[in-house]
Amino acid sequence: MADIIFEGRVYTCQPGESVLDALIRQGCEIASGCRAGVCQACVLLMDEQEIARGCQQGLSPAQQKLNHFFACQCRPDATVHVRRPANAGGRVSGILRCREQVAPDIYRLYVSAQMDYQPGQYVTIFKDQTTGRSYSLASHPEESSSGERLLELHIKQHESGALSPWLCHDLQPGESVSLLGPMGNCIYSANPQQPLLLAGIGTGLAPLLGVLKDALHHQHQASINVLVGATEPSGLYCTEQLLGLAAAHANLQVEFLIQNNRNNQALDPATREADIYQYCAENFPDLKGYGVYLCGAESFVGKMRKQCFLGGAAMADISTDAFIVFG
Amino acid sequence: MSLYDELGGAAAIDAAVDIFYRKVLADDRVSEFFDTTDMEAQHAKQKAFLTVALGGPNNYTGKDMREAHKHMNLNEGHFNAVAEDLIATLEELNVPQAKIDEVIAVVATTKNDVLNL
Ligand SMILES: Cc1cc2nc3c(=O)[nH]c(=O)nc-3n(C[C@H](O)[C@H](O)[C@H](O)COP(=O)(O)OP(=O)(O)OC[C@H]3O[C@@H](n4cnc5c(N)ncnc54)[C@H](O)[C@@H]3O)c2cc1C
Ligand code: FES
């Protein structure tokens, strides 16, 4: 059994137990979120460089050099000396500027915060010292509203969730939130001559919109096809914004796909009832040479990634932002 | 010069891995072993395998091979299926038959470790 020396005290770590779980089990107040090495909420710092190296995948080169590591991914078999990084690992404070409801359970938030990011990356938002969840950025750093650069977030509310109901209701405009980031590499990096396929479901539209804005900002030359899926018509949002962009850019085509139009609602010409996997397979049978971006629920991203890869897209040309469930 | 270098080294190998990975994923005989949610990790494993098979720089040992396949209960049929997919990949890359034979000879030496015999 390994010991964890944390802030001068000795804690035990059971075989197979992560540093994060061991410290929390013994009463330490450590921030956590995904337990999957994605949100960076649990990042701590360790003296043992060798052991730290094994649990740094996804951290920036600077963080790696400082021996930061994912406490949720580290299962040590020797004694480790662990501390919290300075200034909470670089959390910044933001202020909620405004919030609007855009679909029955989806809200669009604008947060002012000092942060350099690339559209499509994500941040981890904290409700208190220890509870964090990740949300993707739909904004572009070149946009500003009354001279202020705002982060745009799309949040789907989960009834009994730890963070989303708080973000969608309790947090009030003018109040501050603590953010960590940016992180992630679902960003526009294609060559301008490469056709693009951007597909997302639900609030997966947030990072997709970020990537799309950046592609247009860089005057992407080849075709850009955007597929946005939702379970029901009411789940679609930002449709006018997307159709406006499509009208202004000849190489951009946007389509909305409804899985189940139960009430036979009238659909506008850009919207159809279709299974997104099938629609994609039929309309994009050969994805060789494409740059593909897939965003939203993990199950969607996983299934679609396989489909697009088998459809000819190179693995290195498929970028994903998978909303894994925290826990 | 190894086939790995002839094909263009590390950069070109990614394309070969894509072709090979697509083949095994579509091969009912073995797809279950390759079909995982973590496609990136699986892709990295295929890359390591192809690097070894094509004689590229690696420090893979028989022990690693053995360890990696330990709990998979693989049989000769699985091994041969993957070898066939590899041959088809090399054919698609226009590798001459003599070179393909060399690669398969290398792969054959890993058989006991892969099947944990
Ligand atoms: C990289 C990344 C980017 C993300 N970007 C966004 C984004 O832009 N917009 C956005 O809305 N969300 C995004 N998410 C998801 C987000 O981080 C949270 O998981 C989500 O908001 C739920 O958090 P919660 O605290 O409200 O619920 P939790 O307290 O985590 O969970 C409460 C309950 O809801 C269930 N639940 C949680 N998520 C789901 C789900 N997706 N489907 C079904 N049941 C669920 C849980 O099983 C649990 O029972 C992202 C996730 C990741 C990893
Ligand atoms: S990265 Fe460790 S809890 Fe999210």
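The values are calculated or read from the model by the stated rules, or taken from the named source; none is laboratory data. What you are looking at is a predicted structure, and each value in this text was computed from that prediction instead of being measured. Methodologically, a virtual Cβ is constructed for each residue, glycine included, from the backbone with ideal geometry; neighbour enumeration extends over all protein chains shown. Each accessible area value is taken on the protein alone, full model and side chains, heavy atoms only, with ligands, DNA and RNA left out. Shrake-Rupley method; radii C 1.70, N 1.55, O 1.52, S 1.80 Å.
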| Among residues of the range A:160-186, those that are open to solvent by 40 Å² or more (accessible area, probe 1.4 Å), more than 7 Å from ligand 1 (Cβ to nearest atom) and assigned to a loop (DSSP other than H, G, I, E, B), counted | 5
| request: Would you check which residues across the range A:122-140 are more than 9 Å from ligand 1 (Cβ to nearest atom), modelled with pLDDT of 95 or more and not in a strand (DSSP E or B) and list them? | output: A:SER139, A:HIS140
| Filter the range A:233-262 for residues that are farther than 20 Å from A:SER223 by Cα and over 24 Å from the mean Cα position of the chain (by Cα); which is least open to solvent (accessible area, probe 1.4 Å)? | A:ASN261
| task | Search the range A:300-327 for residues that are on the phi < 0 side of the Ramachandran plot and within 7 Å of chain B (Cβ to nearest Cβ) and pair each with any residue that is of a type in the set (Ser, Thr, Tyr) and open to solvent by 10 Å² or more (accessible area, probe 1.4 Å) when their beta-carbon atoms are under 8 Å apart and the residues are at least 6 apart or on different chains. | result | A:GLY302/B:THR37; A:ARG305/A:THR320
| remark: Matching residues in the range A:298-320 (open to solvent by 20 Å² or more (accessible area, probe 1.4 Å), closer than 24 Å to A:THR203 by Cα and touching a Lys or Arg at 6+ places or on another chain (Cβ under 7 Å)) number 1
| Candidates A:GLN253, A:GLN265, filtered to the one that is outside the structural domain of A:THR124 (by TED's automatic domain parsing), more than 16 Å from ligand 1 (Cβ to nearest atom) and closer than 30 Å to B:ALA15 by Cβ | A:GLN253
| query | If you take the residues in the range B:57-89 that are aliphatic (A, V, I, L, M) and in contact (Cβ under 8 Å) with a residue 60 or more places away in the chain, which one is surrounded by the fewest Cβ atoms within 10 Å (Cβ to Cβ)? | reply | B:ALA88
| If we only count helices (runs of 4 or more DSSP H) wholly inside the range A:5-119, which ones have 3 or more residues that are within 14 Å of ligand 2 (Cβ to nearest atom)? | A:19-25
| query | Tell me, which helices (runs of 4 or more DSSP H) lie completely within the range B:2-59 with 1 or more residues that are in contact with a helix residue (DSSP H, G or I) (Cβ under 9 Å, 6 or more places away or on another chain) and within 14 Å of chain A (Cβ to nearest Cβ)? | reply | B:9-25, B:31-34, B:39-53
| Looking only at the range A:1-39, which residues are over 28 Å from the mean Cα position of the chain (by Cα), in contact (Cβ under 8 Å) with a residue 24 or more places away in the chain and surrounded by 13 or more Cβ atoms within 10 Å (Cβ to Cβ)? | A:ALA2, A:ASP3, A:ILE4, A:ILE5, A:PHE6, A:CYS13
| note | Residues in the range B:98-117 that are under 14 Å from B:LEU54 (Cα atoms) and open to solvent by 50 Å² or more (accessible area, probe 1.4 Å) total 7
